[in-house]
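Where a number appears in this text, it was derived from the coordinates with a stated rule and is not lab data. None of these values were measured; they are calculated from a predicted model. Quick reminder, even Gly has a Cβ in these numbers, built from the backbone with ideal geometry, and neighbours come from all protein chains shown.
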Amino acid sequence: MSTKFLSAKFIISAEKLSQCPVFGLPEFPLLGRSNVGKSSFINALANHKKLAKTSNTPGKTRLINFFNFSDKFMIADLPGYGYAKVSKEAQNRWQKYLEEYLLKREEISSLIQLVDGRHEIQKNDYQMREWVEAYDLPVITVVTKMDYVPKNKAMHVIKIVENEFGGIVLPFSAVDNRYNESIFEFLLK
């Protein structure tokens with residue numbers, strides 16, 4: 001099977017861990033600020049523009065949305081951090097539910113933190129990484145929106161993220177599929 005794209009389908013949304021079915025597949029939750037491109041990441045890997053809903057309004061994802069990729073792995077699209085027009089009470093509830101999911105979900109193989117390649121790493125990206133590292137959770141970093149970064153600056157952007165976060169750092173563009181292969185290599189290993 002070519003890994004340029006895998007067939008993918010939306011399975012279910014859940015608000016909290018107790019509502020998450022067991023799929024028996026490696027699971028990769030997406031962490032990232034609102035509007036970093038989590039839905040576009042899913043759509044590009046699936047070669048399906050409307051599988052995960054994208055929006056110009058940050059904070060639209062309110063649940064954990066599960067996507068099955070050819071029965072090889074699951075991607076869990078999580079609510080973005082950093083911006084949402086919801087009450088403090090709703091934000092605190094999300095935080096509690098997401099922490100429980102991230103800390104207790106046995107199917108999770110690795111977290112994938114998405115950061116925007118067009119901008120410096122944001123304060124809330126650092127805070128999220130500190131939280132992940134405090135619990136010693138496996139994580140890789142995907143640098144999104146690389147199609148907006150001039151080609152002669154792309155390696156520099158990746159190096160900055162590697163220096164700041166360490167570990168595996170992969171470039172990604174929802175427009176240009178040239179980066180998909182290395183992402184699939186990671187997801188399928």
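Some points to look at:
- The chain: DSSP helices with Cα axial extent of at least 18 Å and average Kyte-Doolittle hydropathy no lower than -0.5: 151-165
- For the pair segment 30-54 and segment 139-170, the centres of their Cα atoms are 18 angstrom apart.
- Remark: spin-label model distance ALA134-ARG105 equals 2.0 nm, labels positioned 7 Å along the Cα→Cβ axis.
- Full-extension gain in nm, ARG93 to HIS156, via 0.36 nm per residue minus C-alpha separation: 18.9 nm
- Ordered by the count of other Cβ atoms within 10 Å of each Cβ, fewest first, LEU78, LEU31 give LEU78, LEU31.
- Under 5 Å, built H, 5+ apart or other chain: amide partners of ALA174: LYS145, MET146, ASP147
- Each principal axis of the Cα cloud of the chain was taken in turn, and the coordinate range along them, longest first, works out to 45, 39, 33 Å.
- Amide H contacts of GLY37 (H built 1.01 Å from N, under 5 Å, at least 5 apart or other chain): none
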